[in-house]
1. If Lys and Arg each add +1 and Asp and Glu each add -1, what is the summed charge of the other residues whose beta carbon sits under 11 Å from the beta carbon of Asp123?
2. Could you point to the residue in Thr179, Tyr159, Ile140 farthest towards the positive end of region 126-189's charge dipole, with +1 and -1 charges on the Cβ of Lys/Arg and Asp/Glu respectively?
3. Under 24 Å Cα-Cα from Lys69, which lysines qualify once same-chain neighbours fewer than 8 residues away are excluded?
4. By average Cβ neighbour count within 10 Å, what is the ranking of 49-57, 69-77, 94-102 from highest down?
5. Around Ile140, which amide H atoms from residues at least 5 apart in sequence, or from another chain, sit under 5 Å from its own amide H, with H modelled in the peptide plane?
6. Separation between the Glu7 and Lys146 pseudo-spin-labels, each 7 Å from Cα along Cα→Cβ, expressed in nm?
7. Provide the packing ranking of 23-31, 2-10, 126-134, 104-112, i.e. peptides ordered by the mean count of other C-beta atoms within 10 Å per residue, highest first.
8. If you restrict to DSSP beta bridges whose two residues both lie in region 6-200, what percentage is antiparallel, to the nearest 5?
Amino acid sequence: MKIISAEFVMSNSDVAKCPKSNIPEYAFIGRSNVGKSSLINMLTSRKSLAKTSGRPGKTQLINHFIINKEWHLVDLPGYGYARVSKSTKKTFQKFITDYFKQREQLVSAFVLIDIRHEPQPVDLEFMQWMGEQQIPFSIIFTKADKLKPKAIERHVEDYQNVLLETWEEMPNHFVTSSTKNIGKDDVLNYIGNINEELSASK
Ligand code: GTP
Ligand code: MG
């Protein structure tokens, strides 16, 4: 899929106020500072469509962007930054969990994982929660430029092994780097294919 246009629509802290239109929607979620906003800029080839920062907690609202006047891309705040609590409710801000529970237009989410780290409890917990809610998602490993190819392979495998302890199969996954422009076409084609299937089945 080629991106012809990418525009900011609105920011919200309340899912009820998000755009009402019925176009397909894809949301990017993950720990603070994992690179959600940077990835969105990489995918859309726009330098600062989504605001990024070296300090965790930059994105604080649900941000809708419209792509090719055809589908919504959503940049969400990170989880797991504000004083991590043992209870899922507090770890994942309520308006984020409400967004996933209530947003009927959501076709699929992308859970971003920093490829450099061992599987982290908060990420596993979030994916577990998404599974329980039956929300389809793919994994996007970020910051692949920070590791050598062999280490990337090893880290993906480690993740796979941990996930397969609770999941029947490894979720669909992508390896990306926003600084080196890695993985862009894979993610865009994946979204493009789903959009085509959706419009063919209408
Ligand atoms: P919050 O909005 O705070 O939840 O963070 P975010 O997940 O949107 O992260 P953001 O895109 O703001 O990036 C956080 C930091 O990571 C910034 O300093 C980015 O420059 C850096 N970063 C993001 N993606 C990459 C990447 O692919 N490679 C490298 N090396 N750095 C990256
Ligand atoms: Mg952000």
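1. On the way: positive: Arg31; negative: Asp114, Glu118, Glu125.
Computed value for this residue: -2.
2. Farthest towards the positive pole: Thr179.
3. Lys2, Lys17, Lys20, Lys36, Lys47, Lys51, Lys184, Lys202
4. Values: 49-57: 14.1, 69-77: 20.3, 94-102: 16.2.
Order by mean packing, descending: 69-77, 94-102, 49-57.
5. Amide H neighbours of Ile140, under 5 Å, 5+ apart: Val111, Leu112, Ile113, Phe174.
6. 3.6
7. Those peptides, ordered most packed to least, come out 23-31, 104-112, 126-134, 2-10.
8. Percentage antiparallel, nearest 5: 40.
The values are calculated or read from the model by the stated rules, or taken from the named source; none is laboratory data. On a predicted model such as this, the values are computed, not experimentally measured, just so you know. Cβ sites come from the backbone with ideal geometry, for glycine too, and all protein chains shown count toward neighbours. In case anyone asks, the SASA skips ligands and DNA or RNA and just uses the protein heavy atoms, side chains included. Shrake-Rupley method; radii C 1.70, N 1.55, O 1.52, S 1.80 Å.
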